[in-house]
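The values are calculated or read from the model by the stated rules, or taken from the named source; none is laboratory data. What you see is a predicted model, and the numbers here were worked out from it, not measured in a lab. No Cβ is skipped: glycine too gets one built from the backbone with ideal geometry, and neighbour counts run over all protein chains shown. SASA here: full protein model, heavy atoms, side chains in, ligands and nucleic acids out. Shrake-Rupley method; radii C 1.70, N 1.55, O 1.52, S 1.80 Å.
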Amino acid sequence: MNLRLSKNFLAREFRCRCDQCEFTGQQMNPDFVDFLQQVRTIFDREMLILSAIRCPAHNRRVGGKTQSFHTLGRAVDVAVVDPYLRHELMRIVLDMGGTCGVYSTFIHIDNRKNPLVFYGGS
């Protein structure tokens with residue numbers, strides 16, 4: 001599916017990774033996609049999305065919280081290994097009022113009402 005959700009993001013990039021459900025990526029929260037597009041525009045680099053919307057079954061399989069922002073279409077995990085780019089992406093998200101979860105190979109991004117930085121497992 002090649003449906004464009006914003007200038008730089010296609011619906012298929014946001015699909016549930018279980019590939020067995022109806023979550024095609026079109027279910028992403030439009031306000032969150034707008035937020036992410038603003039981040040992408042400022043970051044000015046490709047953002048490889050590892051995880052976005054998740055069906056409840058897939059969310060359980062990967063150990064996600066019951067009310068995970070992923071299940072609401074309001075979160076993504078973006079691959080970022082380079083420390084400089086990791087810092088730059090985090091700064092942009094935080095400057096825009098978003099939340100970052102820091103992991104060894106990716107950054108979790110969402111736009112909850114009370115922004116924060118948290119550190120996840122390796």
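See the values below:
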| quantity | calculated |
| --- | --- |
| Complete set of residues in the range 43-54 that are loosely packed, with under 15 Cβ neighbours inside 10 Å, on the phi < 0 side of the Ramachandran plot and over 14 Å from the mean Cα position of the chain (by Cα) | Arg45 |
| Members of the range 66-83 found to be under 17 Å from Met28 (Cα atoms) and among the hydroxyl-bearing types (Ser, Thr, Tyr), listed by number | Ser68, Thr71 |
| Search result, residues across the range 1-37 that are within 13 Å of the chain's Cα centre (by Cα) and of a type in the set (S, T, N, Q) | Asn29, Gln37 |
| Qualifying positions in the range 1-33 - in a loop (DSSP other than H, G, I, E, B), closer than 15 Å to Asn111 by Cβ and either of a type in the set (Ser, Thr, Tyr) or open to solvent by 80 Å² or more (accessible area, probe 1.4 Å) (or both) | Ser6 |
| Checking Leu36 against (1) assigned to a helix (DSSP H, G or I); (2) surrounded by fewer than 17 Cβ atoms within 10 Å (Cβ to Cβ), the condition it does not meet | (2) |
| Residues of the range 47-60 that turn out to be touching a residue at least 24 places away in the same chain (Cβ under 8 Å) and farther than 15 Å from Asp77 by Cβ, as a count | 2 |
| Any strands (runs of 3 or more DSSP E) falling wholly within the range 72-122 and containing at least 1 residues that are small (Gly, Ala, Ser) | 75-79, 99-102 |
